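The values are calculated or read from the model by the stated rules, or taken from the named source; none is laboratory data. Source: prediction; values computed, not measured. Glycine also receives a Cβ, built like all others from the backbone with ideal geometry; neighbour counts cover every protein chain displayed.
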Amino acid sequence: MKIIGVLGGMSWESTVVYYELMNRAVRERLGGAHSAEILMYSVDFGRIEALQHAGEWRALTAEMVDAAQRLARAGADFLLIATNTMHLMARQVEEGSGLEVLHIGDATAAAVRAAGVRRVGLLGTRFTMEEPFMRERLEGHGLEVVVPDEEDRQTVHRIIYDELVQGVIRQESRQAYREVMARLVQRGAEGVILGCTEIGLLVGPDDASVPVFDTTRIHAEAAVERALANA
């Protein structure tokens, strides 16, 4: 089994889900008392969040590369960035650490295509929805990506940072997300990507009329497949 290096804590609420999903998947594959071999570097998200909203992406890249190098020195075989937004610097993390980064966009695109979906809505932080790094990665796999309008993007982003990363789950926010997803479907989305690792804490397959793709679950399962590829 290969050792999974996890860049986590962004937020720890979703990193906990990653940890559980990976360990459950290994136990299902190998049986008995087996669990995943994981090295984790969990950051202080308060610092990361402040830098994100200040637009200090150079400083954030340096932080991510440093954390990745620590995991490489500790013996990780490949890396998992346990957040969609910070895949903005996935290439620099890979180059700086010398380790493969299992990209959340690639894993998600494979799942979407396997489901026969080609036009997909993308929810996430404002950075993920508005910057090209995730959209272009998905489009590189032949997908057509639709993002919410400006008002809906503000709603989705606010709920992530003001509620979900702090462990707050509100029914009214769930309903707001349902309405955003419904509007994406009205614009032709055949599926919806939950492109922030906390969104799956709020909504799931029963909250939309089309298939829902939870990037946290997809990414965690892809990591286990990679870790057990030669096991």
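Some notes on this structure:
- Residues in the stretch 8-22 that are under 15 Å from Ser35 (Cα atoms) and of a type outside the set (A, V, I, L, M): 3 in all.
- If you check Ala109, Ala114 for being at pLDDT 95 or above, surrounded by fewer than 20 Cβ atoms within 10 Å (Cβ to Cβ) and small (Gly, Ala, Ser), only one passes: Ala114.
- Those residues of the stretch 184-226 which are among the basic types (Lys, Arg), loosely packed, with under 15 Cβ neighbours inside 10 Å and in contact with a helix residue (DSSP H, G or I) (Cβ under 9 Å, 6 or more places away or on another chain), in sequence order: none
- Wholly enclosed helices (runs of 4 or more DSSP H) of the stretch 47-164 bearing at least 2 residues of a type in the set (Val, Ile, Thr), closer than 21 Å to Gly191 by Cα and in contact (Cβ under 8 Å) with a residue 60 or more places away in the chain: 104-114
- For the stretch 165-181, a residue qualifies if it is hydrophobic (A, V, I, L, M, F, W, C) and either in a helix (DSSP H, G or I) or in contact (Cβ under 8 Å) with a residue 60 or more places away in the chain (or both), and the qualifying residues are Val165, Ala176, Val180, Met181.
- Some residue of the stretch 67-74 being outside the structural domain of Thr197 (by TED's automatic domain parsing) and closer than 24 Å to Val203 by Cβ: no
- Search result, residues across the stretch 1-33 that are surrounded by 15 or more Cβ atoms within 10 Å (Cβ to Cβ) and part of a loop (DSSP other than H, G, I, E, B): Met1, Lys2, Ile3, Gly9, Met10, Ser11
- Whichever residue in the stretch 121-146 is over 23 Å from Leu51 (Cβ atoms) and of a type in the set (Val, Ile, Thr) and, among such residues, is surrounded by the fewest Cβ atoms within 10 Å (Cβ to Cβ): Val146
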